[in-house]
Structure formats: structure tokens, C-alpha cells
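S.K.: Below is one structure. I have some questions about it.
The values are calculated or read from the model by the stated rules, or taken from the named source; none is laboratory data. Quick caveat, the model's predicted, so the values are computed rather than measured. For neighbour counting, all protein chains shown are included, and Cβ atoms are generated from backbone atoms with ideal geometry for every residue, glycine included. For accessibility, only protein heavy atoms count, side chains too; no ligands or nucleic acids. Shrake-Rupley method; radii C 1.70, N 1.55, O 1.52, S 1.80 Å.
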Amino acid sequence: MPMLTPASIDQEIAALTGALESLGRPLAVLIAACALLVGLAIAVPAFRGRLRAASAALLAALSLGEAVLVWFHVRLGQACVVVEPQSGRVTGGFALPVWIESEKLYALALLIAVIAVAARRHGEELRPLLAGAAAALAIGALIWGRPFAAPLPDFLAQYRGYLAAWASGDAAAAMRAFASIEGSRRYFYNAWYMWVHPPLLFVSYGAFAASFAATLLMIVRRRSSYEQTAYRWARLGYLPLTAGMILGMPWAIVAWKGEAWWWSGKVNMSLMMWALYTAYLHGRLYLRRPGMWKAVAALSVVAFVALVLTYLTTYLVPGVHSVA
């Protein structure tokens, strides 16, 4: 086995990111083309009958891209080993999830594309809204997230900072960088919470998006069957949301020990969203009362707005759970 050095590891990282960019360039064009086809099928009545096929094509393109990202994450996690600078002992590699940093929008686009294609009850009516959302998220992911061209910027910046400190010859700086990257490896990337908490929340977000789309149809067309569909999707999303939030608490206690993580804007918006969806599901118990249809619809809309704000607080509101 060749000796591990900061230079050799950095060369392997450069080779992997270069390979990802080469593979991702045609994939990004394919995804964008499929997203535009979805938009065309929604906007032009003559192509409306092709929406399901266009949605399936977008799903297939996103899935192919996801497979490439999974390959990259596995190889990058194996290449980016952590070495204790003084002893040369390897403490391990990384398990890098495919729903972090610049890939959040991409993962959400893929999930909503799955729902758009798989939805059966009122599927034809829901598909334009869901497929349109998946297409918009896919374009947003390619423009702002750039998962193929600029993957995992925060992780690679931290890891390359560790490599630079290791190569500097400054023993104290190298050990400080080692302690930081080893903490991230053990308590963030490789923590089992990271592989359970975010996926549960993403599943709930996808289900709530379908619920919101059905609520909009109910408001516009005034048919109770759409409300029932909205309720079924919300009920499906509520359980993983609750489980994800509960499982996130021990993770936060360990990862952010000594910090007031409970005051984070993301955490507080998440609690508000959970309370609003709780109120929405509870309000349905009283649908027979006068005016409750409107109240329940309003709660559904406000709860989804809280969901969007929960996502945005990651980037707009400072805190331990954000990048602001």
C-alpha cells in the first residue's frame, strides 16, 4: 500500500472531482432538457397528454445522476481518510450522505419526481403541480447547487484545510485541524443520526408537498375528495417528520454540546411547522362544523409555508443548524 501523504490524497480528490465533472456535464444537460420538457407539457395544452412520459423521463435522468453522485460519495469517502499527524495512525474514512450541502435541492427534486410519477389517487390532477415543482427544483439544483461541477464545497474546504495544516510542518496547527476533522467525521458524517434524521425529514417534505398540491386543487375546484387526498399525504408525512425530529435531539445534544442549539432558527421553525401540521390533522376531526373546511385548508397552506421557511432559515438565519 503506498504511503499516504497530503499531496497524494489531494491528487486523488482532484481526480475524483474531475471525473465527476466529466460525467456530470452531459447528465446536467439531460436533466435540464427533461425539466424543460415537463414545463412544455404543462404549459402547452397540445402536449398535456405527454406529461406523464416527460415526468418519467425527468425521474430517470435524476436517478441516473443520483447513481453517479452515490459513486462519487463512496469513492471520495474512501479517499479522504483521516490520519493522526504525529503517529501516522489512520482513524478512518468518511460516510458522506447524498443529501447534504449542495445536493439538498437535488435530493428533494428526485423525491418529488418519484411522487409525481407514482401518485395514483388524483394523480392526473396532481401531476402538473408536482412534476412542475420537481422540474423547478432540478433546474435550481443545477444552477445553485452545482452537485456535479462543485460538489460538497464545505466538506472539501474543511478537509483540504486539514491537509494543508498536516503538510505545513506546524505540529500544533496540524493537531488542531486533525481534532476538528475527526470530530466532524465521528459526530456528523459518520454518525448514524445523519443517515436517519435527514432522510425522514425529506420523506415528510415530499409527502407534505403532495398534500399542499391537493389542498390547492380543493381550494380551486371545491371538491371534498381533494381534501381527503391532502389529508392522506399529510398523515403520511407527519409520522416521519415526528420521528425525524425526535431522533435529531440526541444527535444535537452530542454534536453541539455546550451550544444553545435549541435557539437555532431552523430548530424553532421546525417546531412551528410540526405544531401547524399537528393543528391541521387535529382540525380535521371537526370537519362537520360550519366553516371548518376553510380553516383546515388555511392550516394546510400555512403549515406548508412554514415548511418552506424552515428550509430557507438554513441559509438566511444564523445558528448552529444553518450556514448563514
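S.K.: Give me the accessible area per residue for the chain, probe 1.4 Å, as a whole number in Å².
M.R.: Values: 15660 Å² over 324 residues.
That works out to 48 Å² for each residue.
S.K.: Just to confirm a number: summing +1 for Lys and Arg and -1 for Asp and Glu over residues other than V74 whose beta-carbon lies under 15 angstrom from that of V74, what do you get?
M.R.: Working: positive: R75; negative: E12, E66, E103.
Summing Lys/Arg as +1 and Asp/Glu as -1 gives -2.
S.K.: If you don't mind, another one. Would you kindly derive the ³J(HN,Hα) couplings of the stretch 45-51 from the backbone phi angles with the Karplus curve 6.51 cos²θ - 1.76 cosθ + 1.60 (θ = phi - 60°), listing them in order in whole Hz, with x for Gly and Pro?
M.R.: x, 5, 9, 4, x, 9, 5
S.K.: Still on this model: Looking at G183, V90, V305, which one has the Cα that reaches farthest to the positive end of the dipole of the chain (charges on Cβ: Lys, Arg +1; Asp, Glu -1)?
M.R.: Going by the charge dipole, the pick is V305.
S.K.: Moving on. Find out how many positive minus negative residues lie around P151, taking Lys and Arg as positive, Asp and Glu as negative, among other residues whose Cβ is under 9 Å from that of P151. Provide the component values of the computation, followed by the final result.
M.R.: Values: positive: R146; negative: E21, E101, E103.
So the environment of P151 carries a net charge of -2.
S.K.: Which Cα, out of A79, W166, I100, lies furthest along the positive dipole direction of the stretch 1-190 (beta carbon charges, K/R +1, D/E -1)?
M.R.: Positive-most Cα among the choices belongs to I100.
S.K.: Quick check: Cα centre of the stretch 149-208 to Cα centre of the stretch 32-61, how many Å?
M.R.: 37
S.K.: Right, next: Let me have the 222 nm mean residue ellipticity of the chain computed from DSSP H runs of 4+ only, each contributing -39500 (n - 2.57), with the sum over all residues rounded to the nearest 500. Let's see the in-between values first.
M.R.: Details: 10 runs with 230 residues, N = 324.
After summing the helix terms and dividing by the residues of the chain, the value is -25000 deg cm²/dmol.
S.K.: Here is a follow-up. With charges set only on the Cβ (+1 for Lys and Arg, -1 for Asp and Glu), what does the dipole of the chain come to about its Cα centre, in debye to the nearest 20?
M.R.: 1600
S.K.: Taking DSSP loops as anything outside H, G, I, E and B, show the longest stretch in the chain free of trypsin sites (Lys or Arg not before Pro) there with at most 15 other beta carbons within 10 Å. It would help to have the intermediate numbers written out before the result.
M.R.: Numbers: sites that count: R89, R120, R121, R222, R223, K257, R288.
For trypsin sites (Lys or Arg not before Pro) (loop position, at most 15 other Cβ atoms within 10 Å), the longest site-free span of the chain is 122-221.
S.K.: Leaving ligands, DNA and RNA out of it, report the carbon-plus-sulfur percent of the accessible area of the stretch 1-190 at a 1.4 Å probe.
M.R.: On the way: 5630 of 8630 Å².
About 65 percent, which is the carbon plus sulfur part of the accessible surface.
S.K.: Using a 1.4 Å probe and counting only protein heavy atoms, arrange L239, L62 so the residue with the most accessible area comes first. Don't jump to the answer; show the numbers that get you there.
M.R.: Values: L239 120, L62 0 Å².
Ranked list, largest accessible area first: L239, L62.
S.K.: Given charges of +1 on the Cβ of Lys and Arg and -1 on the Cβ of Asp and Glu, with all other atoms neutral, how large is the dipole of the stretch 1-190 about its Cα centre, in debye to the nearest 20? If you can, show how the numbers build up before the last one.
M.R.: Values: 15 positive and 12 negative charges, 129 e Å.
That gives a dipole near 620 debye.
S.K.: Suppose accessible area is computed on protein heavy atoms with a 1.4 Å probe; arrange V203, V301 from highest to lowest. Intermediate results must be reported in sequence, preceding the final value.
M.R.: Values: V203 75, V301 40 Å².
Reading off the accessible areas and sorting them downward yields V203, V301.
S.K.: Along the three principal axes, how long is the stretch 76-134 when you take its alpha carbons, biggest first, rounded to the nearest angstrom?
M.R.: Taking max minus min along each principal axis of the Cα atoms, the stretch 76-134 gives 63, 18, 11 Å.
S.K.: Considering every pair of different Cα atoms, what Kirkwood radius, in Å, is found for the chain?
M.R.: Values: mean 1/r = 0.0464 Å⁻¹.
The Cα-based Kirkwood calculation yields 21.5 Å.
S.K.: Put one equal scatterer on each alpha carbon of the stretch 28-183, apply the Debye formula with no solvent term, and list log10 I(q)/I(0) at q = 0.08, 0.17, 0.19 1/Å to two decimals.
M.R.: -0.34, -0.89, -1.03
S.K.: Once you have a ≥ b ≥ c as the square roots of the Cα gyration tensor eigenvalues for the stretch 1-100, tell me rounded if a/c is under 1.5, and otherwise prolate or oblate according to whether a/b is larger than b/c. Provide the component values of the computation, followed by the final result.
M.R.: Values: a/c = 5.32, a/b = 3.46, b/c = 1.54.
The shape class here is prolate.
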